[in-house]
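The values are calculated or read from the model by the stated rules, or taken from the named source; none is laboratory data. Note that the coordinates shown come from a computational prediction; the quantities given were computed from them, not determined experimentally. Using ideal geometry, Cβ is built from the backbone for each residue, glycine included, and neighbour counts are taken over all protein chains shown. Surface areas here come from the heavy atoms of the whole protein model, side chains and all, with no ligands, DNA or RNA. Shrake-Rupley method; radii C 1.70, N 1.55, O 1.52, S 1.80 Å.
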Amino acid sequence: MSKFKILSVVGARPQFIKLAAMHRTIEMYSNDFEHVIVHSGQHYDFNMSGQFFEELNIPNPNYNLEIGSGHHVVQMAKCMMGLVEIFEKEEPHIVLVYGDTNTTSAAAICASKCNIKLAHIEAGLREWDKTIPEEINKLLTDSVSDLYFTPTETGRENLLKEGKIENVFVTGDISLDLITGKKTEAIASLSDEPYIFMTCHRAANTDNLDNLREILLAVEQLKYRIIFAIHPRTRKAVDRINTSWAPEHVTLINPPGFWETQAYIRNAKFCITDSGGIIKEAYFYKVPAIIIDKQTEWIETINEGWNIIAGPNTKRILAAIENWQKPEIHTNCLGDGRAGNLIIKEIHNYLNARK
Ligand code: UD1
């Protein structure tokens, strides 16, 4: 019996995490599927890429397109040019894309132009602002997908509003597949001192120095110890404001790996972040996240009161931390860590029906 060939395209940090969960699931069904992995090379530093493959036991990608950094249009064009050759050679039954990066939308457009079936993991999420690069990627990808795996009911409703009713499956968040059942150990060096775990990397904050200044000002005034895991683009942006920015209560660390990040979040008093991944993971551990973006696609976590949108605004960030109160409900609205299984089952049904 011949196997179905799944081809995953990834390129940026959050996608490696989702790929790890998906690859693990595909391996469990290796009688039915083979899995080809393409890395676009959008992220290339060890901290941003290699360490995730190592610690999450993802096999080396079958291909690396080495598109690197640059203008988003150039990144996408390079990605598509590389992918078209691979798609023609590999002839996958289905292409899997994850999340909302430039790699995601480039692969989606390429698959649809090559007439290959396309499944989008993390479909249906919207931030309702087309100035956000990720929003454009979300819209492009969902406009050409054949199968939509959405983490939340809100995702399903968004797709419904756009007329997408067939092949829409609410699966919960795929990253939770890795976390559930796994204990993230406390980090010894943190002792019992309460701290805030912080990240900041979205273009709205790193390309707009007024926004970044507001965020840094809040950080300077906070009374907690702050562990700031700093993305390379944020490092460069902070340097543009002040090359010697180093408040005494702030510890700057390089972007940690997946499990270390989980430990930092799980043990934190608060998170301050613009990362969609950390917003969900904080919710999962019942740690409040103060969101330094003007919006989030993880709206359920806001509605339940666990996370707060403060935006890049000093006063609102400080007020959010001062006034936060533990909500009475926590509904696990982002799923129960079985997304991978639901996804593979639906892919199998879909491809089988087309044999
Ligand atoms: C990308 C995704 C974002 C995701 C994030 C996770 C898009 C539009 N954005 O943002 O959705 O949340 O990844 O981290 O696809 N850089 C390095 N080393 C690297 C990679 C990047 O130094 O390995 C620096 C470069 O200066 C580069 C900048 O970071 O220009 C931005 O990288 P890019 O891939 O364009 O977007 P991210 O900000 O990483």
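Worth a mention:
- Protection proxy ranking for 263-271, 331-339, using the average of other Cβ atoms within 10 Å per residue and placing the highest first: 263-271, 331-339.
- Residues whose amide H lies under 5 Å from that of Arg225, counting only those 5 or more places away or on a different chain, are Ile196; hydrogens are built 1.01 Å from N in the peptide plane.
- Calculated from backbone phi, Karplus (6.51, -1.76, 1.60) coupling profile of the range 164-173 in Hz, x at Gly/Pro: 9, 10, 8, 6, 10, 10, 8, 10, x, 7
- Placing +1 on each Lys and Arg Cβ and -1 on each Asp and Glu Cβ, with no other charges, gives the range 242-355 a dipole about its Cα centre of roughly 320 debye.
- Candidate residues Val144, Val9: accessible-area rank, largest first, probe 1.4 Å: Val144, Val9
- Relative contact order %, the chain, counting alpha carbon pairs below 8 Å whose residues are six or more apart: 15
- Mean-square fluctuations from a GNM of the chain, with a 10 angstrom spring cutoff on Cα atoms, peak among Asn323, Asn313, Asn62 at Asn323.
- Helix 232-241 axis, angle to the chain major axis (alpha carbon atoms, nearest 10°): 30
- Of the GluC sites (Glu not before Pro) found in the range 1-105, the ones in coil according to DSSP and having at most 16 other Cβ atoms within 10 Å of their Cβ are Glu66.
- Entry note, the range 221-287: relative contact order of 30 percent, from Cα contacts under 8 Å with a spacing of 6+ residues.
- The C-alpha radius of gyration of the range 203-355, expressed as a fraction of 2.2 N^0.38 Å, stands at 1.21.
- Given charges at Cβ of Lys, Arg, Asp, Glu: the range 202-355 dipole, positive-most of Gly277, His348, Leu252: His348
- Summed over the residues of the chain and divided among them, the accessible surface reaches 44 Å² per residue at a probe radius of 1.4 Å.
- Note, ³J(HN,Hα) from phi for the range 123-129, Karplus 6.51, -1.76, 1.60, rounded to Hz, x at Gly and Pro: 6, x, 7, 9, 10, 6, 8
- Surface composition of the range 81-158: carbon and sulfur make up 51 percent of the accessible area, probe 1.4 Å.
- For the range 103-230, Kirkwood radius (reciprocal of mean inverse C-alpha pair distance, Å): 17.8
- For the range 1-65, the carbon plus sulfur part of the accessible surface works out to 44%, probe radius 1.4 Å.
- The residue list Gly163, Leu209, Thr150 was ranked by how far each Cα lies along the charge dipole of the range 122-233 toward its positive end, using unit charges on Cβ atoms, and Leu209 comes out on top.
- For the chain, calculated [θ]222 nm from helices alone, where every DSSP H run of n ≥ 4 adds -39500 (n - 2.57): -12500 deg cm²/dmol
- Simple spin-label estimate for Asn303 and Ser30 in nanometres, 7 Å along Cα-Cβ: 4.2
- Calculation over all alpha carbon pairs of the range 9-80 in 5 angstrom steps from 0 returns a P(r) of 3, 17, 27, 23, 15, 9, 4, 1, 0 percent.
- For Glu193, net neighbour charge (Lys/Arg +1, Asp/Glu -1) across residues whose Cβ lies under 13 Å away: +2
- Relative contact order of the range 50-162, taken over Cα pairs closer than 8 Å and 6 or more residues apart, is 22 percent.
- Cα long-axis angle, helix 133-144 against the chain (0 to 90 degrees, to the nearest 10): 20
- Acute angle (nearest 10 degrees) that the helix 209-221 long axis makes with the longest principal axis of the chain, alpha-carbon atoms: 50
- Our coupling estimate for the range 201-208, obtained by passing each phi through the Karplus curve with A = 6.51, B = -1.76, C = 1.60 and θ = phi - 60°, is 8, 5, 4, 4, 9, 8, 8, 10 Hz, Gly and Pro reported as x.
- Highest-fluctuation residue, Ser49, Ser275, Ser69 considered, GNM on the chain with Cα pairs under 10 Å: Ser69
- Residues with amide H under 5 Å from that of Leu118, placed H, sequence gap 5 or more: Val95, Asp146, Leu147
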